[in-house]
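The block underneath contains the structure these notes are about, expressed in structure tokens.
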Amino acid sequence: MSQPVLFTPFRVRNLELANRIVIAPMCQYSAENGCMTDWHMIHLGQLALSGAALLTIEATAVVPEGRITFADVGLYDDATEVAMARTLEAIRRWSDMPIAVQLAHAGRKASTEVPWRGGAQFPPDHLHGWQTEAPSRIAFSSNHVPPTALDREGLKRVRDGFATAAVRAARIGIDAVQLHGAHGYLLHQFLSPLSNQRSDEYGGSLENRMRFPLEVFDAVRVALPSDRTVTMRVSATDWVEGGLDVDQVITFVQMLEARGCDAIHVSSGGLHPAQQIPVGPSYQVPLARAIKSAVNMPVVAVGLITEPTQAEAIVATGDADLIAIARAALYDPRWPWRAAAALGGQVKAASQYLRCQPSQFKSLFVT
């Protein structure tokens, strides 16, 4: 059996990846005052033993009001930095898998209850709520409190928050930083004409709507050591008429590439309740393919990629350079093992697990 492309190494800037499988960021809503807890050590620890090439920490708020919920992880003060450093130290004692963090600000979609309790937005005067902020004073939905439109001071505060969080990430040894420009959160809100109706230089034309996300990228790129990898996750379409579409996103991504972005992670949607998403296996891969045809930097595809042959087809045909799994990894934390067994690839396993190698897959584990 020929070597599957999914299990060939890949390089992103100075980041050496053992294969083409990325664990995407997945919010756990289990932090305390922005600080990681033992849950994160358990959750991330098992994924760090999965055989994937890169583990991405969940959306991590760069300022307290940037959290989606009161239970989100942050990286905005010494306490949150120490908590994340503790988690990383425990994981890296047993795994050498590269670890990235997704830096984020939820914008108008912040101040909500955790999903398993309904996810409704809390008003600013609630114990677990606060006043949200966004490009424009446009609420996400009719049952949300309108956000405060960010003024120049607010824009600087958020931009500086991203840069400072990146410095903290580098200080504790994070290998890569991903900026969250997708799923209807703040940077996406600036990009979309549905949520950004400003009349200053940050609103109106695509050039203006791109301005703040590009400023944030530039600030993070400058704040990090030159050898550190910086990527961005984007929503390639809002799936709403009159919203952000893939052609506009291609223009944005090309601007990112020119500024030194190392890879682009292609998702979609999340900005507007009226979205009509044609959900199905690999439903976002055509978006990744369109973006890959327009840039030279690596492209990551994500979205209902659940089967090994499906993942192999995506990278083998060149639709994307890497694939990301999220829910599939929650359901099966050894998904890369199963994929390697199915495709004839190899994965690295912890020494403590080597004796579990099935007899029919005698070369499954790299020794």
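What the stretch 100-221 shows is 38 Å² of accessible area per residue, with the surface traced by a 1.4 Å probe over protein heavy atoms. Using a cutoff of 8 angstrom between alpha carbon atoms and counting only pairs six or more residues apart, the relative contact order for the chain works out to 17 percent. Between residue 310 and residue 254, the modelled label-to-label distance comes to 3.2 nm, taking each label 7 Å out from Cα in the direction of the beta carbon.
Taking label points 7 Å from Cα along the Cα-to-Cβ direction, residue 79 and residue 338 give a separation of 4.0 nm. Per residue, the solvent-accessible area of the stretch 316-367 (1.4 Å probe, heavy atoms of protein chains only, all protein chains present) comes to 57 Å².
A simple rule links phi to the HN-Hα coupling: the Karplus curve 6.51 cos²θ - 1.76 cosθ + 1.60 with θ = phi - 60°, which for the stretch 290-305 gives 5, 6, 4, 5, 10, 9, 9, 6, x, 10, 10, 9, 8, x, 6, 9 Hz, with x for Gly and Pro.
Of 125, 218, 38, the residue with the greatest mean-square motion in the GNM of the chain, using alpha carbon springs below 10 Å, is 125. Mean separation of Cα pairs under 8 Å and 6 or more residues apart, divided by the residue count, gives the stretch 147-294 a relative contact order of 26 percent.
Specify the residue with the greatest mean-square fluctuation among 84, 41, 232, computed from a Gaussian network of the chain linking alpha-carbon atoms under 10 Å apart. Largest GNM mean-square fluctuation: 41. Accessible area of the stretch 1-130 with a 1.4 Å probe: how many percent of it is carbon plus sulfur? Carbon and sulfur atoms account for 55 percent of the accessible area of the stretch 1-130.
Bridging of residue 156 to aspartates and glutamates at a Cα separation below 16 Å is possible for 65, 133, 200, 201, 215, 218, once same-chain residues fewer than 8 apart are set aside. Backbone N atoms of the stretch 72-103 closer than 13 Å to the 7 Å Cα→Cβ label point of residue 41 belong to residues 83-94.
If the chain linking residue 360 and residue 206 were pulled fully straight, counting 0.36 nm for each residue of separation and taking away their Cα-Cα distance, it would gain 49.9 nm.
Straightening the chain between residue 142 and residue 197 buys 18.1 nm, computed as 0.36 nm per residue apart minus the Cα-Cα spacing. Extension gain, residue 279 to residue 152, is 41.9 nm, computed as 0.36 nm per intervening residue step minus the present C-alpha separation.
In terms of overall dimensions, the stretch 45-91 has a Cα radius of gyration and Dmax of 12.1, 35 angstrom. Extent of the chain along its three principal axes (Cα atoms, max minus min coordinate, largest first): 63, 42, 40 Å.
The values are calculated or read from the model by the stated rules, or taken from the named source; none is laboratory data. Bear in mind that the values here come from a model prediction, so they are computed numbers and not experimental data. So basically every Cβ, Gly included, is an ideal-geometry build from the backbone, and we count neighbours across all protein chains shown. Just the protein is used for accessible areas: all its heavy atoms, side chains included, with ligands, DNA and RNA removed. Shrake-Rupley method; radii C 1.70, N 1.55, O 1.52, S 1.80 Å.
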